[in-house]
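The values are calculated or read from the model by the stated rules, or taken from the named source; none is laboratory data. Since the structure is predicted, the reported quantities are computational estimates derived from the model, not experimental observations. Every residue, glycine among them, receives a Cβ derived from its backbone with ideal geometry; neighbour counts consider all protein chains shown.
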Amino acid sequence: MTEQIQFQPRITAFLCSWCSYGAADLAGVSRMQYPPNIRIIMIPCTGHMNPKFILQAFRQGVDGVWVSGCHPGDCHYVSGNLFARRRFVVLKNLLEYIGIEPGRLHFTWISSAEAGRFQEKAREVVHAVQELGPISRLVREIGPVREALRQEL
Amino acid sequence: MLELIEQIRDNARQLLEEGKVHCVIGYRQGSIPMRVQPHFAYSPEETDKMTWSCFCTQNLAKYLIGREEPTAILAQGCVTRNIAGLIQENQVKRENIYILGINSPGMVDYRKVQSKLPGRVIHEVLEENGHLLVRGPGYEEKILKRDVKRDNCYTCNHRNPVIYDQLIGEKGEETGGGNIDKVAAPWENLGPDQRWAKFQDTFKDCIRCYACRDACPLCYCKECFVDESKPQWCGKTVDESDVHTFHILRAFHCAGRCTDCGACESACPMGIKMRRLTSKIEKDIRQMFGFSPGLDTQESPPLSVYRPDDPEEFMLK
Amino acid sequence: MFTARMTLKNSCLSKRKLIMLEKIIFKNNLEMLLNKISREYEVYAPARVGIETVWSLVTKADDLEWNFTNTDLSPKGFLFPQTECMLEFKNIPRSADGMILKRPELKEGSKALFNIRPCDAKAFSVLDLVFEQDPQKPDVYWKDKREKTLLLGLACNHPCPACFCTSVECGPHHPQGLDILMQDLEDRLVLKPLTPKGENLLTDLDQASEQDINLAAKLEKQAKDMIQGGLGLENIQAGSILDIYEHSAWERLYESCINCGTCTFYCPTCHCFDIQDETRGTYGRRVRNWDTCMSPHFTLHTSGHNPRGRRIDRFRQRFMHKFKYMPFKLNGALGCVGCGRCTQKCPVNIDVREVVNTINI
């Protein structure tokens, strides 16, 4: 059986500071193993999410983006995630409509106690992006070949 | 058409004579075939230049933003919807504007006329009932108007003004005959690779002139996201990634507000069909949230509100 | 009228001792000429793509389009690309060779622009004055490409309604900037060499007959007569800058302008650009992109002050730059060649002829 080096995607996770980031923190403290491909960016609330952030991530060459917030009704700022839910569906539909493969952009609700759920979703997201391979669409290339850059980063 | 023009001029003249408004915004004859120019009449005499034709493709609601004095505006269906939207967004005060509503027969896309006469120089285009008379060196052609209308005019559902202070002419047919839901998102039947190919092909000619953004009445931000530099979300080059980022974000910013007036496509000097993005977004908003922008000045825009039962199928459960 | 600026590069009418004879070639023999040109140059010519005529690579004579007024975008992008990398650097601050800006090799190939219109060629001459105004420090990116470019112009027989070259010291047969001027006589071309570069290419061709030369002259007159609208510049040229600046008509002219950048990008003489640095990992570059004076942030200072913060200021500046400031600074050279693209492409149909004529009163 041949040993294949599996493609390791780079995934940017925007986690809301009150719930999902807490879950990630708890998973870490509890020594739960989750894939290291996730690079976390903390945002105050998913209501702060802006399509600019997601597009910027893809432009920089990340293979997948994951946004996670509090469950509807549990938002620390009352309704931030409820506004976000509407905006997510519009953006996701638009990005998939123009040809970004379904599976690169994910949204979840994870509360701060759900460390296990965080671990589970992290594995799912990494797996989904791994299947799709490295991203080529929307990436901003300005200089030398992508692969060389991937090594450096 | 001539009676409508007379009516427009009479009404405009009266408004200015009575001092009801400071300015009347309309159209006047363009300097080259198939064009009109936005016209600002500040005195009764200046209303003599006002016109109305099938080439009135600019969205005049753009010029209402930032005006302090009472202004009258000639507006057809989609434009009145934009005015309602601007009132909703507090960019225009209802009491400051006097709307001369008019039914739109559907506007002609000058590019479609040119494509019917490839390589020919067009010296003159006369609008007649149902067709256009096109004249040039050594030729004269008749072209049916219904063959050369703007894409969005075929699927329009609001040809009559939705809000107005005075109606010019009569209310006419409400729809253009086409079904917007059938044509709004043609790439939905394609796989990701084909969709991407179509997307790339749509925007390959973009030269970042921003005519689409500047012609759009929804785009009134004092600082546009393209000018943000700390950080720079969207580069200024014509590299594919920068062009795509601009169009995706602009389409998203128009989500739930775009009335499909077509001013963007009419303004684009390269003939890019950027409505392919906005019409998909508007279709989603119509079907998921049951909302059509610009029909009610009191209703809130869909992305500023939420319902407890908003769709969640797209989430990773 | 024509003064000192006629001694621009490539303009040779007054100085040649040798007589450059007009030559003739039949269109079905063009392959031979094209092959000769392609040995040294990559040949580009206007070709119809859909409803537009765009600059395309040409490999055979059949690719050439003869039935067009002018190209969609002007050819200035060949010498002044919309996005151009000027300098590169290694984005590694702690490295010995990091953060040092180096110019990439200027390895653009030689290009021949076949069937370029005289107005677009004259525009290159105007841009030469701008980009090479300091002989000690010319814009090397422009200069390098300019020297490698051959211009074979096609005189206009059918100017379009928006053309007004005859009002701005140009014309449908204007030779300035060209290496060769060609005249279309249906099945054949009369070719007039204007520079040594041009003449070398035509050595194998037959001399044109007296009749053909006369026919060409007749077509030139017809073309000039066809140009309908024009613009007057006497009062603008005679008046002081401040008088024109304070003209009352600007208040009424600017209002419909939506401040996009269409006119500036289509204009063959517009040349403003914005420079910025971009990095991606360890690679960095300094890139220049076309910029437009119509953009609200064009004159925004870091202090926050914006001298042209109002639409009227930007609108006025564009026309004053082309018709007043440029002639003032460049020895009389106008910043407009009368191609009419701005009028045709403007989303709100602002006509440069109407604006200038109103200010000229």
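Details
The rows are residues; the columns are (1) more than 11 Å from chain C (Cβ to nearest Cβ); (2) in contact (Cβ under 8 Å) with a residue 60 or more places away in the chain.
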residue: B:Ile32; (1), (2): no, no
residue: B:His39; (1), (2): no, no
residue: B:Asp48; (1), (2): yes, no
residue: B:Ser53; (1), (2): yes, yes
residue: B:Lys62; (1), (2): no, yes
residue: B:Pro70; (1), (2): yes, no
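- Some residue of the range B:293-312 being at pLDDT 90 or above and within 14 Å of chain C (Cβ to nearest Cβ): no
- Taking the range C:161-172 as the range and being of a type outside the set (Gly, Ala, Ser) and surrounded by fewer than 22 Cβ atoms within 10 Å (Cβ to Cβ) as the test, the residues that pass are C:Pro161, C:Thr166, C:Glu169.
- Test: residue in the range B:165-177 that is within 13 Å of chain A (Cβ to nearest Cβ), surrounded by 18 or more Cβ atoms within 10 Å (Cβ to Cβ) and either in a helix (DSSP H, G or I) or not polar (S, T, N, Q) (or both): no
- Residue count for the range B:112-132, restricted to those that are facing chain C (nearest Cβ under 8 Å) and part of a loop (DSSP other than H, G, I, E, B): 5
- The range C:75-171 holds strands (runs of 3 or more DSSP E) entirely within its bounds, and those carrying 3 or more residues that are within 23 Å of B:Val238 (Cα to Cα) map to C:83-90.
- Selection count where residues are farther than 17 Å from C:Arg103 by Cα and either more than 8 Å from every other protein chain (Cβ to nearest Cβ) or surrounded by fewer than 19 Cβ atoms within 10 Å (Cβ to Cβ) (or both), scope the range C:265-281: 8
- Complete set of residues in the range B:202-234 that are within 7 Å of another protein chain (Cβ to nearest Cβ) and either part of a helix (DSSP H, G or I) or over 18 Å from the mean Cα position of the chain (by Cα) (or both): B:Ile207, B:Ala211, B:Asp214, B:Ala215, B:Phe225, B:Asp227, B:Trp233
- Answer from C:Asp184, C:Asp225 - the residue that is out of contact with any strand residue (DSSP E or B) (no Cβ under 6 Å at 6 or more places or on another chain), surrounded by fewer than 20 Cβ atoms within 10 Å (Cβ to Cβ) and farther than 30 Å from C:Thr149 by Cβ: C:Asp225
- Counted residues, the range C:20-39 - those being within 11 Å of C:Leu202 (Cβ to Cβ) and not in a helix (DSSP H, G or I): 6
- In this structure, B:Lys222 qualifies as out of contact with any strand residue (DSSP E or B) (no Cβ under 7 Å at 6 or more places or on another chain), under 16 Å from C:Pro296 (Cβ atoms), without any contact (Cβ under 8 Å) to a residue 24 or more places away in the chain and among the basic types (Lys, Arg).
- Of the residues examined, B:Val162 is not one that is in a loop (DSSP other than H, G, I, E, B) and touching a His at 6+ places or on another chain (Cβ under 8 Å).
- Number of positions in the range A:91-115 that are touching a Phe, Trp or Tyr at 6+ places or on another chain (Cβ under 7 Å) and under 17 Å from B:Leu277 (Cα atoms): 6
- One residue stands out in the range B:181-201 among those that are more than 9 Å from chain A (Cβ to nearest Cβ) and surrounded by fewer than 20 Cβ atoms within 10 Å (Cβ to Cβ): the one that is farthest from B:Glu282 (Cα to Cα), namely B:Asp201.
- Restricted to the range C:47-57, and to residues there that are within 11 Å of chain B (Cβ to nearest Cβ) and either among the hydroxyl-bearing types (Ser, Thr, Tyr) or touching a strand residue (DSSP E or B) at 6+ places or on another chain (Cβ under 9 Å) (or both), the residue that is farthest from C:Met182 (Cα to Cα) is C:Val49.
- Among (1) touching a Phe, Trp or Tyr at 6+ places or on another chain (Cβ under 9 Å); (2) within 12 Å of chain C (Cβ to nearest Cβ) - the single one B:Val21 does not satisfy: (2)
- Residue match in the range A:78-85 (condition: surrounded by fewer than 17 Cβ atoms within 10 Å (Cβ to Cβ), more than 8 Å from chain B (Cβ to nearest Cβ) and either modelled with pLDDT of 95 or more or more than 30 Å from B:Met274 (Cα to Cα) (or both)): yes
- Test: residue in the range B:143-164 that is farther than 29 Å from C:Cys260 by Cα and more than 21 Å from the chain's Cα centre (by Cα): yes
- Residue identified as crowded, with 22+ Cβ neighbours inside 10 Å and either closer than 27 Å to B:Pro301 by Cα or touching a Ser or Thr at 6+ places or on another chain (Cβ under 6 Å) (or both) among B:Arg159, B:Arg67, B:Arg81: B:Arg81
- Candidate set: the range B:257-282, residues that are of a type in the set (Gly, Ala, Ser) and outside any helix (DSSP H, G or I); chosen: the one farthest from the other protein chains (Cβ to nearest Cβ): B:Gly262
- Unmet requirement for B:Ile285, which otherwise passes all of (1) free of Cβ contacts under 8 Å to residues at least 60 places away in the same chain; (2) more than 8 Å from every other protein chain (Cβ to nearest Cβ): (2)
- Only one of the numbered conditions (1) touching a residue at least 12 places away in the same chain (Cβ under 8 Å); (2) facing chain B (nearest Cβ under 10 Å); (3) surrounded by 23 or more Cβ atoms within 10 Å (Cβ to Cβ) is not met by A:Ile98, and that is (1).
- Listed conditions (1) under 14 Å from the mean Cα position of the chain (by Cα); (2) away from chain B (no Cβ under 11 Å); (3) of a type outside the set (S, T, N, Q); (4) closer than 25 Å to C:Arg280 by Cα are all met by A:Pro134, apart from (1).
- Helices (runs of 4 or more DSSP H) completely within the range C:274-355 that count 1 or more residues being without any contact (Cβ under 8 Å) to a residue 12 or more places away in the chain: C:311-320, C:326-329
- When residues of the range B:235-256 are limited to those that are of a type outside the set (A, V, I, L, M) and part of a loop (DSSP other than H, G, I, E, B), the one farthest from the other protein chains (Cβ to nearest Cβ): B:Cys254
- Residues in the range B:63-77 that are assigned to a helix (DSSP H, G or I) and at pLDDT below 95: B:Gly77 alone.
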